[in-house]
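Taken together, the values in this text are just the output of simple stated rules run on the coordinates, not laboratory data. Here the structure is a predicted model, which means the values were calculated and not measured. Because the Cβ atoms are built from the backbone with ideal geometry, glycine has one as well, and the counts that use them run over all protein chains shown.
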Amino acid sequence: MMRKINFFILFPLFIMLLFSLSIAADSMYNVLNYGAKSDGKFDSSKAFISAWTAACASTSPATIYVPKGTYLLGNAYFNGQTCKCNAITIHIEGTLVAPSDYNVIGKSGNWIKFERVTRVSIVGGTLDGQGSGLWACKNSGKGCPKGTTYHAFYNSNNVAISGLTSQDSQMFHILFDGCNNVKLQGVKVSAPGNSPNTDGIHLQSSSDVTILNSQIGTGDDCISIGRGNSNLWLENIACGPGHGISIGSLGWDMQEPGVDNVTVKTATFTGTQNGVRVKTWARPSNGFIRNILFQHVVMNNVENPIIIDQNYCPNHEICPEQGSGIKVSDITYQDIHGTSATQVAVKFDCSKTNPCEGINLLGVKLSYKDQPAEISCVNAGGKASGLQQPTSCLQI
Ligand SMILES: *[C@@H]1O[C@H](CO)[C@@H](O)[C@H](O)[C@H]1NC(C)=O
């Protein structure tokens with residue numbers, strides 16, 4: 001009996017001891033100790049990079065700590081290629097701001113860039129891109145720099161971001177290119193509805209990406225899914241203003257990796273240009289988009305709630321006669337309801353050379369001005385069951 005009691009008291013104590021040891025082993029790197037200043041005026045880029053270099057050399061898990069305050073950063077590039085550390089957490093309580101003069105970083109590819117990092121987590125923080133100067137320049141049609149993508153990860157694995165706010169980027173807010181095993185949670189992205197090219201999250205050549213519980217409002221796509229992505233899971237997403245969640249534009253190039261296995265589950269679109277969109281160039285290509293599920297989606301006054309557009313060719317680009325080469329197949333729409341801001345709420349405008357196959361409508365109820373909305377199908381094959389409003393026009 002006595003032995004048992006001892007065990008039940010000692011075992012939790014032992015676990016607590018192990019836990020506190022593991023916390024103590026976590027090395028902490030406060031950016032203020034590396035010369036950063038929280039006054040919003042001093043350029044702290046070098047200090048942040050020094051803190052990264054130190055954390056990177058640590059042989060135990062490391063935390064880079066950014067206390068409350070405002071930190072001005074120019075271009076800040078973090079490379080993980082030679083890191084000894086196998087787990088770096090960047091805990092941000094402050095706000096990172098980009099230079100207000102867009103010329104300072106507007107011609108560079110990225111503002112904050114992570115390259116070849118493994119097991120990096122970013123917790124909290126606000127990124128303020130101060131993009132309004134560049135948007136005004138672009139909207140006035142003057143010659144302006146292209147702008148920089150704000151927060152980019154390249155060729156990285158096991159990246160986690162939670163509780164981050166990103167606002168007013170010059171261009172895309174958050175980008176993953178060539179990354180595996182990425183998890184974003186509780187991310188908030190905001191930019192005005194008329195800010196050009198300010199996509200919320202752009203994914204390219206990446207796999208096993210999960211985006212949960214996030215709220216995105218921008219002047220372009222809330223989430224855009226480019227070439228070469230697979231196994232994406234987007235759940236509990238609020239989008240608006242913006243252009244919706246978009247797979248594409250794909251198929252500009254002849255040789256292009258496709259998009260496979262994407263789930264968008266529980267999403268709300270409010271006042272957006274599109275809801276769930278698939279978009280391909282009307283050009284020859286060997287790419288594909290397949291195994292896509294859009295499930296439990298609410299549309300509030302959305303211009304194109306459900307759209308597949310395979311005839312994308314704006315601004316007099318060169319698009320030969322034969323139509324899009326991208327093969328679109330096995331796209332399921334399940335439980336999609338709400339209101340459309342235009343009469344045609346469901347539009348399948350597929351390629352004349354590669355008709356869409358396996359479109360599945362499983363319960364759709366969309367109205368326009370309190371009347372059932374309309375549907376249009378061109379080269380679109382599939383089937384419908386359950387509630388159909390509008391009634392399916394898919395070819396079986
Ligand atoms: C599709 O992706 C999800 C993750 O988003 C994964 O759990 C699932 O196994 C994938 N399915 C296939 C057939 O690869």
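Sorted ascending by nearby beta carbons within 10 Å, beginning with the fewest, Asp168, Asp208, Asp221 become Asp208, Asp168, Asp221. Counting beta carbons within 10 Å around each of Val298, Val346, Val264 and listing the fewest first gives the order Val298, Val264, Val346. The eigenvalues of the Cα gyration tensor, multiplied by 5 and square-rooted, give segment 221-396 an equivalent ellipsoid with semi-axes of 24, 17, 16 Å from largest to smallest. Protection proxy ranking for 378-389, 356-367, using the average of other Cβ atoms within 10 Å per residue and placing the highest first: 356-367, 378-389. The HN-Hα couplings worked out from phi for segment 219-233 by the Karplus form 6.51 cos²θ - 1.76 cosθ + 1.60 (θ = phi - 60°) are x, 9, 4, 5, 10, 10, 10, x, 5, x, 10, 9, 6, 9, 10 Hz, whole numbers, x standing for Gly and Pro.
Simple point charges give the picture: +1 on the Cβ of Lys and Arg, -1 on the Cβ of Asp and Glu, and for segment 221-396 a dipole about the Cα centre of about 180 debye. Among the DSSP helices (H) of the chain, those spanning at least 20 angstrom by Cα along their long axis with an average Kyte-Doolittle hydropathy of 1.6 or more are 2-25; this is a geometric and hydropathy rule only. Put simply, when 312-322, 38-48 are sorted by average Cβ atoms within 10 angstrom per residue, most first, you get 38-48, 312-322. Using every pair of separate Cα atoms, the Kirkwood estimate puts the hydrodynamic radius of the chain at 22.6 angstrom.
The orientation-averaged shadow of the Cα convex hull for segment 296-347, equal to a quarter of the hull surface, comes to 5.0 nm². 3J(HN,Hα) couplings calculated from phi for segment 360-377 with the Karplus curve 6.51 cos²θ - 1.76 cosθ + 1.60 (θ = phi - 60°) are, in sequence order, 10, 9, 10, x, 10, 9, 10, 10, 10, 6, 6, 10, x, 7, 10, 10, 9, 10 Hz; Gly and Pro show x.
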